[in-house]
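The values are calculated or read from the model by the stated rules, or taken from the named source; none is laboratory data. Computed from a predicted model, the values in this text were never measured in an experiment. Virtual Cβ from ideal backbone geometry, glycine too; neighbours counted across all protein chains shown.
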Amino acid sequence: MAAAPLGAPRVLLRRLREVMAQPESAQTRLDRIVVLIAANMVAEVCSIYVGRRDGSLELFATEGLNPSAVHSTHLRPGEGLVGLIAEQAEPLNLTEAQDHPAFAYRPETGEEIYHSFLGVPILKSGHTLGVLTVQNQTQRHYSEEEIEALQTTAMVLAELISARDIQTGNDRAAVPSREGPQRHTGVVLSDGITLGHVVLHQPRIAVSNLIAEDVFGEHERLDKAVDELRQTIDDMLARGDIERVGEHRDVLEAYRMFAHDQGWVRRLKEAVDTGLTAEAAVERVQNDTRARMLRQTDPFWRERLNDLDDLANRLLRHLAGRAATAADDLIPEDSVLLARTMGAAELLDYDPNRLRALVLEEGGYTSHVAIVARALGIAAVGQAENILEWAETGDDIVVDAEAGEVHLRPSQEVISAYADKVRFRATRQAQYAKLRDKKSRTKDGLKIELHINAGLLVDLPHLAESGADGIGLFRTELQFMISSTFPRIEQQIKTYRAILKMAAGKPVVFRSLDIGGDKLLPYLRHSHEENPAIGWRAIRMALDRPGLLRMQVRALLRAAPGKDLRLMLPMISEVAEYKAARTLIEREKTHLIRHGHKVPKNILVGAMIEVPSLLWQLDELMPVVDFVSVGSNDLLQFLFAADRANLRVAERFDALSPAALRPLRLIAEKADAYGVPLTLCGEMAGRPLEAMALIGLGFRSISMAPAFIGPIKAMVRSLDAGTLRQCLDAVLEKGEPDARRVLQDFARKSGVEI
Ligand code: PEP
Ligand code: MG
């Protein structure tokens, strides 16, 4: 059988346009379309399967198969070749279909006489709406052009299938209706509760015109839009204020790289060649990319998908003559931003005073944008699947980023319930704000230092706002994580200098890179590890690859000439590791002096206590360190052998049980005996009851997320540390199994605000 002649796809598309223009029902159109496709592709069979809500596929129209099978043949999810295509969202081209292991014989269709088979997914936004197939009796191999043509046709079908008029039954693959209340669930990325109005980050560009009138003209439009896109990215990179936030530049550099990618532009042009408009070509290429990348589990590729999605959307807006995202519009003061995905830099494009919350369809807790949302102090929920399909700009919305719930167009009852909740939180916040300049002292006069944990430049304003004593933990790896390339030394120096300047004399404890484990850098190759949390991470990596640590130490030393520099080493398991790192730091200092650089007045090097083995080396550790900081997140996960990121086990063990409190007391006693400054910078420092217990154990300094400074200071100021100490001693003496309850009773009876 001869292959379809070149140019046939365009003819087919023209015919399709004629069919679409007829005032007919969707079913009639589909019936006519299968005939057209079969004829155009010289195939005996052409069939359209439409996905249903439950994931099964229904034969919806056919030319060549038994007509009585239409609407009665259903394939379960994953069943047969058609199910496989839907599942994998990739074309399948077979000379002998019946030899394929996934082939499922359906006698009612009469397809046993056909041998060759070509099927493509019908995709919209990377999601499979159905499957389009052609079949021939001969053992034919379909050409690349034919696959391309069928995919292009499938794209036109996607529009038809997702339109309302195909809904003859109730369970056709979901077609969004943007009316009525809806509740979506997701994961909390940044704590908070808010009511507001939806702003779609990417104002919707509906690609309504799919089929080109003039292919040459579409090529010109595409070329022009690609040029404009590249130009805007270059302009943004050249914009001076990008320097303000280092991460901007790196994300944009990634966009620039993709915008210049020859493969991407070639695929767009090929799609235009098949007869699509430039817009439809962008959608078509992005659809395929999304479908492919959504099936990748590697977080690196998922992140790259975000970049590519963003780029495709930008290009669509250039084609529509609307280059901006909603960041360029005047957004309402109670904006809740909705996006499929978003780069960290894009979130920073918005006026933070007008942003109340962020809701993403994707995005995990460690995604860059989540880190920035937390830094900006706005509520954020991620993994709110498909929410964009149901939302419209201006819709009322409630974001509950305590429970991980989002209510679209909520009912009046839901609104008033949440309004109460928001008011309650606001009153508490106002009370805490009043405490800002008040001393952090217990009722019996003990000074408790309260520090904040930070990791990005945007965190720095919280230092003054919260009235904290300093930054007890600066997670330097976050800057590295949101960067798409390894930050150069000059850039590192600039960032560290800016941090010290913004801290305005308050102490900052920089932690050397804690990478590995779940904190991966997109540009560093990480080999797979069975147990990454106890694998090659943090100081282990730093000592094995001293170049990394050396560069960071050099940047830190140069950023703090004549000042105090505090540097803390993560995941120390043996005193020897601390000593080796310290030697490296000393060497760097000598090196810099020799080269005429000014170095810090004092370099204080601390060790994090987060690996239990250190508990039995405290007498060797304390004499050699300048300070210690307990990383209780890791220390407790290792003590209880319970993965901190695995919710099934993380909550199983109580940080207030004697097994956790005793080692913490031991650390406090040893630090006190050796006169070594001690702090604790894990999450427990931000929980009032836990923080109270820490004070009872002898901690006089703790470090936490900025939002908790207020509640913790309120607790400190209402506490009598002397009586608490007695209570705690008794608890530990007895090995009280329910220490939490005893401490809660203590707090309640003695009026401690927890
Ligand atoms: C800790 O382990 O408690 C800690 C503060 O470090 P991180 O959470 O960054 O591992
Ligand atoms: Mg840790």
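Mind listing whichever residues of the range 664-694 are surrounded by 22 or more Cβ atoms within 10 Å (Cβ to Cβ), away from ligand 2 (no atom under 16 Å from the Cβ) and over 23 Å from Val624 (Cα atoms)?
Hits for the range 664-694 are Glu690, Ala691, Met692, Ala693, Leu694.
When you check Leu664 against the structure, is it in a loop (DSSP other than H, G, I, E, B) and either touching a residue at least 12 places away in the same chain (Cβ under 8 Å) or under 27 Å from Ile378 (Cα atoms) (or both), yes or no?
No, not satisfied.
Can you tell me how many residues in the range 211-225 are touching a Leu at 6+ places or on another chain (Cβ under 7 Å), β-branched (Val, Ile, Thr) and part of a helix (DSSP H, G or I)?
The total comes to 0.
Check every one of the strands (runs of 3 or more DSSP E) wholly within the range 54-130 and list those with 2 or more residues that are surrounded by 21 or more Cβ atoms within 10 Å (Cβ to Cβ).
The qualifying strands (runs of 3 or more DSSP E) are 57-63, 116-124.
Tell me which of these Gly472 doesn't satisfy, since it passes every other one: (1) buried (at least 19 other Cβ atoms within 10 Å of the Cβ); (2) not in a strand (DSSP E or B).
(2)
In the range 673-701, which residues are more than 30 Å from the chain's Cα centre (by Cα), assigned to a helix (DSSP H, G or I) and either within 14 Å of ligand 1 (Cβ to nearest atom) or closer than 16 Å to Arg662 by Cα (or both)?
Met692, Ala693, Leu694, Ile695, Gly696, Leu697, listed by residue number.
How many of the residues in the range 212-253 are in contact with a His (Cβ under 6 Å, 6 or more places away or on another chain) and at pLDDT 85 or above?
3
Yes/no matrix, rows are residues, columns are (1) at negative phi; (2) of a type outside the set (Lys, Arg); (3) within 12 Å of ligand 2 (Cβ to nearest atom); (4) more than 33 Å from the chain's Cα centre (by Cα):
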site	(1), (2), (3), (4)
Pro612	yes, yes, no, no
Leu618	yes, yes, no, yes
Pro623	yes, yes, no, yes
Ser629	yes, yes, yes, no
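Given the condition basic (Lys, Arg), farther than 23 Å from Leu446 by Cα and away from ligand 1 (no atom under 16 Å from the Cβ), answer yes or no: does some residue in the range 631-645 qualify?
The answer is no; no qualifying residue exists.
Do we find that Gly51 is at positive phi, buried (at least 16 other Cβ atoms within 10 Å of the Cβ), in the same structural domain as Ala154 (by TED's automatic domain parsing) and of a type outside the set (A, V, I, L, M) in this structure?
It is false that Gly51 is at positive phi, buried (at least 16 other Cβ atoms within 10 Å of the Cβ), in the same structural domain as Ala154 (by TED's automatic domain parsing) and of a type outside the set (A, V, I, L, M).
Out of the residues in the range 82-92 meeting the condition of being at pLDDT 90 or above and in contact with a helix residue (DSSP H, G or I) (Cβ under 6 Å, 6 or more places away or on another chain), tell me which one is farthest from Phe117 (Cα to Cα).
Pro91
Looking at Leu639, Leu656, which is the one that is at pLDDT 90 or above and either within 15 Å of ligand 2 (Cβ to nearest atom) or of a type in the set (Val, Ile, Thr) (or both)?
Leu639
So which of Ala650, Ala721 is touching a Lys or Arg at 6+ places or on another chain (Cβ under 9 Å) and either within 16 Å of ligand 2 (Cβ to nearest atom) or not assigned by TED's automatic domain parsing to the domain that holds Met622 (or both)?
Ala650
Would you confirm, using the coordinates I've provided, whether Asp654 is within 13 Å of ligand 1 (Cβ to nearest atom) and surrounded by fewer than 22 Cβ atoms within 10 Å (Cβ to Cβ)?
The answer is no for Asp654.
Yes or no, residue by residue, for (1) under 27 Å from Gly343 (Cβ atoms); (2) modelled with pLDDT of 95 or more; (3) more than 16 Å from ligand 1 (Cβ to nearest atom):
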residue: Glu477; (1), (2), (3): yes, no, no
residue: Ser484; (1), (2), (3): yes, no, yes
residue: Leu548; (1), (2), (3): yes, no, yes
residue: Arg558; (1), (2), (3): no, yes, yes
residue: Leu567; (1), (2), (3): no, yes, no
residue: Ile572; (1), (2), (3): no, yes, no
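List, please: which pairs have Cβ atoms under 9 Å, are six or more places apart or on different chains, and start with a residue in the range 547-564 that is at positive phi and end with one that is modelled with pLDDT of 95 or more?
Gly562/Lys598; Gly562/Val599; Gly562/Pro600; Gly562/Lys601
Can you run down the residue pairs with Cβ atoms below 7 Å, 6 or more apart or on separate chains, where the first is in the range 718-736 and surrounded by 13 or more Cβ atoms within 10 Å (Cβ to Cβ) and the partner is of a type in the set (S, T, N, Q) and in a loop (DSSP other than H, G, I, E, B)?
Leu719/Thr442; Asp720/Thr442; Asp720/Ser750; Ala721/Thr442; Thr723/Ser750
How many residues does the range 501-520 contain that are away from ligand 2 (no atom under 16 Å from the Cβ), surrounded by fewer than 23 Cβ atoms within 10 Å (Cβ to Cβ) and not in a loop (DSSP other than H, G, I, E, B)?
So the answer is 3.
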